[in-house]
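Everything below concerns the one structure shown next.
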Amino acid sequence: SSSAGTDGERVIAGLGSAGIHCWDFEGRLQWRRDLGVQQHIWGYGSSPVIAAGRVYLNFGPGENSALYALDVKTGEVLWQRAEPLERDGTAEAKFQSADYTGSWSTPVIRTLAGRSQLLLSVPFRVRSFDPVDGRELWVCEGTNALCYTSPLVHGDCVIAMGGCNGMALAVRADGSGDVTGSHRMWRHPKTQQRIGSGVVHDGHIYIHNAPGIAECFDATTGELKWEQRLSGPGGKGTNWSSVTVTADGVCYSLNQSGDCFGWRAAPGGYEQIAVNSLGESSNSSVAISNGRLFLRTHKALWCVGNKE
């Protein structure tokens, strides 16, 4: 499921076929926009992103998949870009249908190569748009049919990671048009499945993949620096959460047993700081705010931090 977004004045949530909704901080509905039917065997998962008076939503997956930009105050659709169902002749046969194709990726907005860019991972490629008018700036092929993770940024480089079969790539963000042949820096054709997104810290990618293995890659070359299976007291090591990193380089991830791992963002090898079990299942990611950790499990919301 997706997360709500806020700009400090309002809360906005994308709710699939029920549309996108905006409330004020007193819980009063400010606007609602119907974007049509969202239908997929695995539902939706992309979260709304608020920036510069607009809210962006990767609506899909399914036949009505599109990237939307709406006015944050009124919900008026400013622009939309359809995401047609693409085919890949080299993929396995089952990845030629809408059931096994789609993007759950949440857009990322960054200033790269001197221009504002909205980045999105979609089936078989990663795309960059102008956030103001929705014009496509560049596109790079190399992901796979199912994209769960959000793009990562390192300098003027964009890293996109696919889901099932786990294709990954890095591309320079200063190009125009199809930059597959000219700007793609590296590509991994197949690894284990990734559902949660990773982070980039000091030039290295840190991610906890779905089978339960933490990995570190060089963001510039794609070289695998280390990998480590994370085992906790809960017994189920599989993981759907994204990695969260603190300013001083401590990574947090939460597996499906509710085991929360703290480990250092260090390319020299895996260094575990702590593992604590919350005792119930979770598919969510750790959020950090004002020196506190917020964790969502099956029955509870947890806040962990120093008393002071």
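The values are calculated or read from the model by the stated rules, or taken from the named source; none is laboratory data. Remember, it's a predicted structure, so these values are computed and weren't measured experimentally. Neighbour counts are summed over all protein chains in view; Cβ atoms, including those assigned to glycine, are modelled from backbone coordinates with ideal geometry. In case anyone asks, the SASA skips ligands and DNA or RNA and just uses the protein heavy atoms, side chains included. Shrake-Rupley method; radii C 1.70, N 1.55, O 1.52, S 1.80 Å.
State the percentage of accessible surface on the chain attributable to carbon and sulfur atoms; use a 1.4 Å probe and exclude ligands, DNA and RNA.
Percent of accessible area from carbon and sulfur atoms in the chain: 47.
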Point to revise | Inter-probe distance in nm under a simple model that places probes 7 Å from Cα toward Cβ, at V132 and S3 | key: 2.9
Revision key, fill the gap. Residue span E271 to E223: 0.36 nm per residue of separation minus Cα-Cα distance leaves a gain in nm of 15.4 nm
Review point. What are the residues whose amide H is under 5 Å from the amide H of H201, where those residues sit 5 or more places off or on another chain and H is modelled from the backbone?
Key: Y206
Point to revise | Given charges at Cβ of Lys, Arg, Asp, Glu: the chain dipole, positive-most of G155, G166, A210 | key: A210
Review point. If you take the alpha carbon radius of gyration of the chain and divide it by 2.2 N^0.38 Å, what ratio comes out, to two decimals?
Key: 0.97
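How many Lys pairs in the chain lie less than 26 angstrom apart by Cα atoms, where the lysines are 8 or more positions apart or on different chains? Please report the intermediate quantities before stating the final value.
On the way: K94/K190; K190/K225; K190/K236; K225/K236; K236/K299; K299/K307.
Lysine pairs meeting the criterion: 6.
Size of the dipole of the chain about the Cα centre, Lys and Arg at +1 and Asp and Glu at -1 on the beta carbon, nothing else charged, in debye to 20? Intermediate values should be presented prior to the final figure.
Details: 27 positive and 30 negative charges, 64 e Å.
Rounded to the nearest 20 debye, it is 300 debye.
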Check your understanding: If you add up the charges near D24, with Lys and Arg at +1 and Asp and Glu at -1, over every other residue whose beta carbon is less than 9 angstrom from its beta carbon, what do you get?
Key -> 0
**Study point:** By average C-beta atoms within 10 angstrom, highest first, the peptides 131-138, 198-205, 285-292
**Key:** 198-205, 131-138, 285-292
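Give me the 1.4 Å probe accessible area per residue for the chain, excluding ligands and nucleic acids, in Å². Intermediate values should be presented prior to the final figure.
Working: 13880 Å² over 308 residues.
Accessible area per residue: 45 Å².
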Practice item. Using the 2.2 N^0.38 Å rule of thumb for compact globular proteins, work out how the stretch 96-194 stacks up: its C-alpha Rg over that value, please. Key: 0.99
Exercise for review: Taking just the C-alpha trace of the stretch 234-291, give me its Rg and Dmax in Å.
Suggested key: 11.3, 32
Practice item. With +1 on each Lys and Arg Cβ and -1 on each Asp and Glu Cβ, and nothing else charged, work out how big the dipole of the stretch 69-223 is about its Cα centre, in Debye to the nearest 20. Key: 80
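Starting from the residue with the highest accessible area, list T101, T74 in decreasing order, probe 1.4 Å.
On the way: T101 5, T74 75 Å².
Highest to lowest solvent-accessible surface, that is T74, T101.
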Check your understanding: What are the residues whose amide H is under 5 Å from the amide H of Q30, where those residues sit 5 or more places off or on another chain and H is modelled from the backbone?
Key -> C22, W23, D24
Check your understanding: Where nothing but the Cβ of Lys and Arg (+1) and of Asp and Glu (-1) is charged, how large is the charge dipole of the stretch 164-268 around its Cα centre, in debye to the nearest 20?
Key -> 280
Revision key, fill the gap. Each label sits 7 Å from Cα toward the beta-carbon; between D248 and D71 the label points are separated, in nm, by 4.7
Review point. Which whole-percent values make up P(r) of the stretch 266-308 when all C-alpha to C-alpha distances are grouped in 5 Å steps starting at zero?
Key: 5, 17, 23, 21, 18, 12, 3, 0
Check your understanding: Which far-off residues, 5 or more places away or on another chain, put their amide H under 5 Å from the one on H188, with H placed in the peptide plane?
Key -> A168, L169
Exercise for review: Pick out which of G27, G60, G43 has the largest mean-square fluctuation in a Gaussian network model of the chain, springs linking Cα atoms closer than 10 Å.
Suggested key: G27
